[in-house]
Structures are given as C-alpha cells and as structure tokens.
Amino acid sequence: RLRDLVSKNLTEDQILDTMREASRRRFSIIKFMMICNLPTETEADLYELYELAVKIKQVFEEESTPGGRIPNLQITWTSLIVSPHTPLQWAPVTRTLSPAYATFTDKIRELGFRTYTPKITGDDLMAQLFLRGDGRLSGLLSYLAAEGDLRHNDPYGQEIYDKAVRYLHDHGLPPPEEWFREYGKDDPLPWDIVASPASKAYLYKR
C-alpha cells in the first residue's frame, strides 16, 4: 500500500525475485532506501516491512553456498519532505516519529541485517518550514542571512531551527503548527503563485 502511495508499484514477489537474483550473482550488500513518516503509515506497516526482511533472509539462505556468507541487507531511512506541486502537498508535516521505529531497528538487527532508528532532524524541519511558507517568512530569511545561519551544503542543526521558531514567536508570525498543517482540497496554497507542471486536480486525484 505504501509502495503504491509513492508510485513504486512493486509487488512483494517482484522484490523477492530480485533478492534471489542478487544473491545468485553474489552481491554482498543490498540497500533498501526507505522513506519514513509517510501519510497513513502505521505500526502495522513497519511490521510488514520486518516480515518482508524475514522472507528476504530466507531467500538469501536458500541461495547461499554451504558455509558461504549471505548478502547483508541494509535499510536506510529518509524523512518524508512534503513538497509543493506533488500529490502529497496537502498532507500535514510530521515532526515526530513513532516509537515503533526503535523496536523495528532491534528486530532487523536480530536478523543479522543493518539499520538504524530514523529521526526527524533540524535540517528536515527547516526545509519543511521554507517549503511550506509564504512571503511572511522573508524576514526570517533575511534574519538568518544576517546571523550567518543560512546553509547551502551543510545541514541545519536543531539549534538553528529553534532559533527560527523563536523568531516566529518574537515577530508575531504563526508557529510551526500553522505552516505544517494539513490543507483541504479547496484551500489556497502558498505556492499556487508558482506555475506547476501538473494541475491541482490531477495531483489531488493522485
């Protein structure tokens, strides 16, 4: 369901067949690059991913030579960035992750695979603030520039995000809850002033 949500359109059988072929070709590392905190995600979805990892390990063991090493599955995480002009542009921005991720990390490591517990960073939140914001954030942009706190290649730390939140409060601007809220289908969006390659009707249908 979540793979379909992000248009991956892969069945479990296709994934397992690919893992079998990778094992036969003696790949040593297989990496799954996953997106966390997707809309509608539940703890049951994490359990389904764990169950898939169990099946993948079984495939690896079936295809390995006696005494040989099986491939190592690495699961990495990227926090969802809710971007304008995408089908998820109406979705709220999540600022916390379920504790179930920590349990998932432990279970994956028990299988002998590698992962880590994801987190939503200050850099993620700064990106979301400016992606979701409108002209009222121009002062914040100027302020960060004057403070030497704009980042081009280096990530924003939590301390800069906290600084931005204080600026919003001190200047009578809406708090992050307002910028990160869920939008309704007919709500005007701050980024409507920018031409989109796809119509809002099409994106909403998606």
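Here the Gaussian network model covers the chain, with springs between Cα atoms less than 10 Å apart; of Thr40, Thr94, Thr115, Thr40 fluctuates the most. Note: segment 1-80, Cα convex hull, 87 Å³ per residue.
When DSSP beta bridges are restricted to pairs lying wholly in the chain, around 0% turn out antiparallel. Distance between the 7 Å Cα→Cβ label points at Phe130 and Lys55: 4.1 nm.
Within segment 103-150, the chymotrypsin sites (Phe, Trp or Tyr not before Pro) that combine a DSSP coil assignment with at most 16 other C-beta atoms in a 10 angstrom radius are Tyr116. Separation of segment 133-158 and segment 9-61, taken as the distance between their Cα centroids, equals 38 angstrom. Summarising the amide proton neighbourhood of Leu73: residues at separation of 5 or more, or on other chains, whose placed amide H is nearer than 5 Å comprise Ile30, Arg114. Taking Lys and Arg as +1 and Asp and Glu as -1, the other residues whose beta-carbon sits under 10 Å from that of Tyr156 total -3. Full extension of the chain between His171 and Arg95 gives 25.1 nm of extra length, using 0.36 nm per residue less the Cα-Cα distance. With the cut-off at under 12 Å, measuring from each backbone N in segment 150-186 to a point 7 Å along the Cα-to-Cβ line of Asp192 picks out 184-186. Using the Cβ-Cβ distance between Arg206 and Thr121 with R0 = 41 Å, the FRET efficiency computed as 1/(1 + (r/R0)^6) comes to roughly 0.90.
What FRET efficiency comes out for the pair Arg69/Ile35, r = Cβ-Cβ distance, R0 = 25 Å, nearest 0.05? Approximately 0.30, to the nearest 0.05.
Our helix-only sum for the chain, with -39,500 (n - 2.57) per DSSP H run of n ≥ 4 divided by its residues, gives a mean residue ellipticity at 222 nm of -13000 deg cm²/dmol. Residues whose amide H falls under 5 Å from that of Ile35, counting only those 5 or more places apart or on a different chain, are Thr78, with hydrogens built in the peptide plane.
Think of a 1.4 Å ball rolled over the protein heavy atoms: the chain then has 60 Å² of accessible area per residue. Roughly what would the spin-label model give for Thr86 and Asp45, points 7 Å off Cα along C-beta, in nm? A separation of 1.3 nm, rounded to one decimal place. Element breakdown for segment 1-138 at a 1.4 angstrom probe: carbon and sulfur atoms account for 52% of the accessible area. Here the Karplus relation 6.51 cos²θ - 1.76 cosθ + 1.60, evaluated at θ = phi - 60°, turns the backbone of segment 189-203 into coupling constants of 9, x, 8, 4, 6, 9, 4, 10, x, 10, 6, 4, 4, 5, 5 Hz, with x for every Gly and Pro. By a 1.4 Å probe calculation restricted to protein chains, Trp77 has an accessible surface near 30 Å², given to the nearest 10. Taking a straight Cα-Cα cut-off under 18 Å and skipping sequence neighbours fewer than 8 places away in the same chain, the lysines within cross-link reach of Lys107 are Lys31, Lys55, Lys57, Lys119.
Within a Cβ distance under 15 Å of Asn72, other residues only, what is the Lys/Arg minus Asp/Glu net charge? Within the 15 Å Cβ shell, the charges total +4. Rg and Dmax over the alpha-carbon atoms of segment 123-196 stand at 12.9, 38 Å.
GNM on the chain, C-alpha springs below 10 Å: top fluctuator among Thr121, Thr65, Thr86? Result for the chain, Cα springs under 10 Å: Thr65 fluctuates most.
The values are calculated or read from the model by the stated rules, or taken from the named source; none is laboratory data. All of these numbers come straight from a predicted model, not from anything done at the bench. For neighbour counting, all protein chains shown are included, and Cβ atoms are generated from backbone atoms with ideal geometry for every residue, glycine included. Only protein heavy atoms, including side chains, enter the accessible area calculation; ligands, DNA and RNA are left aside. Shrake-Rupley method; radii C 1.70, N 1.55, O 1.52, S 1.80 Å.
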